[in-house]
Amino acid sequence: MNFFQFLKSKSFFKQIVIAIIGLLVVVFALKYWLGYSTNHDQKIQVPNLHKMSLKKVAEKLQELNLDFKVIDSASYNPNYPKKSVIDQSPEEGDFVKEKRKIYLTLNPSKYRDVSVPDLNGKTKRQATSHLRSIGFNIGTNFTYVNDIGKDVVRGLRFKNTILNKGDKLPLNSIVDLVLGDGKGN
């Protein structure tokens, strides 16, 4: 029997029909199984977790059969309570399935600490722009000391405490400048 005669035979057509029926059975069984195992019609709406503490978040998500994971602490935001949720993913109002993880970003308990740079010998203008660029605020009560250079930085103070290079202060701290008066030798 040659190849073309086999293609015209009854046994070949039976095998084709059996293969097509088998393929359809596998496809429909797979579709049914995937719909069942992935909870296809289930929807849980993600709640708004902003400004909530971790304890309240855990209670709220446990009621909804959801899980959470803290992925980061953002920059300190004084408008949010300490260690509360600043951001979440997926967002509020999105629909998810049960046991889905909600990824949270928390507000730290304070501003991060920044090292004080060495600005001795810099001008008032240079020191002011440098301190602002790294996150400090500049105080308005300047202290003047006897020095040959006018408005040259001779030190830094924080709450009447003299600062040294490398000291750490919280971001947004108010730093006062100690400047030369230009009348010294």
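Look at the range 153-171: where a residue is in the same structural domain as Leu119 (by TED's automatic domain parsing) and farther than 19 Å from Ser129 by Cβ and a partner is of a type in the set (A, V, I, L, M) and part of a strand (DSSP E or B), sitting 6+ places away or on another chain with Cβ atoms under 9 Å, you get Lys159/Ile174; Ile162/Leu156; Ile162/Val178; Asn164/Leu156; Asp167/Leu156; Lys168/Val114; Pro170/Val114. Could you please let me know if Ile71 is in contact with a strand residue (DSSP E or B) (Cβ under 8 Å, 6 or more places away or on another chain), exposed (fewer than 15 other Cβ atoms within 10 Å of the Cβ), among the β-branched types (Val, Ile, Thr) and not assigned by TED's automatic domain parsing to the domain that holds Leu171? Against the criterion (in contact with a strand residue (DSSP E or B) (Cβ under 8 Å, 6 or more places away or on another chain), exposed (fewer than 15 other Cβ atoms within 10 Å of the Cβ), among the β-branched types (Val, Ile, Thr) and not assigned by TED's automatic domain parsing to the domain that holds Leu171), Ile71 qualifies. Once the range 20-69 is narrowed to residues that are modelled with pLDDT of 90 or more and among the basic types (Lys, Arg), the residue that is nearest to Ser109 (Cα to Cα) is Lys55.
The number of residues in the range 14-70 being assigned to a helix (DSSP H, G or I) and over 16 Å from Pro90 (Cβ atoms) comes to 31.
In a loop (DSSP other than H, G, I, E, B), out of contact with any Gly (no Cβ under 8 Å at 6 or more places or on another chain) and within 13 Å of Pro117 (Cβ to Cβ), is that true of Gly166?
In short, yes.
Among the conditions (1) touching a Leu at 6+ places or on another chain (Cβ under 8 Å); (2) closer than 25 Å to Pro78 by Cα; (3) aliphatic (A, V, I, L, M), Ile134 misses just one, which is (1). Restricting attention to the range 145-185, the residues being hydroxyl-bearing (Ser, Thr, Tyr) and surrounded by 15 or more Cβ atoms within 10 Å (Cβ to Cβ) number 1. Taking the range 83-112 as the range and being touching a strand residue (DSSP E or B) at 6+ places or on another chain (Cβ under 9 Å), assigned to a loop (DSSP other than H, G, I, E, B) and among the charged types (D, E, K, R) as the test, the residues that pass are Lys83, Glu92, Asp94, Lys97, Glu98, Lys99, Arg100, Lys110, Arg112. Residues considered: Ser73, Ser89, Ser84. Of these, the only one that is at pLDDT below 85, small (Gly, Ala, Ser) and within 30 Å of Tyr111 (Cα to Cα) is Ser73. Val152 satisfies every condition listed in (1) under 30 Å from Asn77 (Cβ atoms); (2) assigned to a strand (DSSP E or B) except (1). Just for the range 114-144: of the residues that are in a strand (DSSP E or B) and surrounded by 13 or more Cβ atoms within 10 Å (Cβ to Cβ), which one is farthest from the chain's Cα centre (by Cα)? It comes out as Tyr144.
Among the numbered conditions (1) more than 28 Å from the chain's Cα centre (by Cα); (2) surrounded by fewer than 10 Cβ atoms within 10 Å (Cβ to Cβ), the only one that Glu63 does not meet is (1). Residues of the range 74-97 that are surrounded by 13 or more Cβ atoms within 10 Å (Cβ to Cβ), closer than 30 Å to Asn172 by Cβ, in contact (Cβ under 8 Å) with a residue 40 or more places away in the chain and of a type outside the set (Phe, Trp, Tyr): Gln88 alone.
The values are calculated or read from the model by the stated rules, or taken from the named source; none is laboratory data. The structure displayed is predicted, hence computed values, not measured ones. All Cβ positions, even for glycine, are placed from backbone atoms using ideal geometry, and neighbour counts span all protein chains on display.
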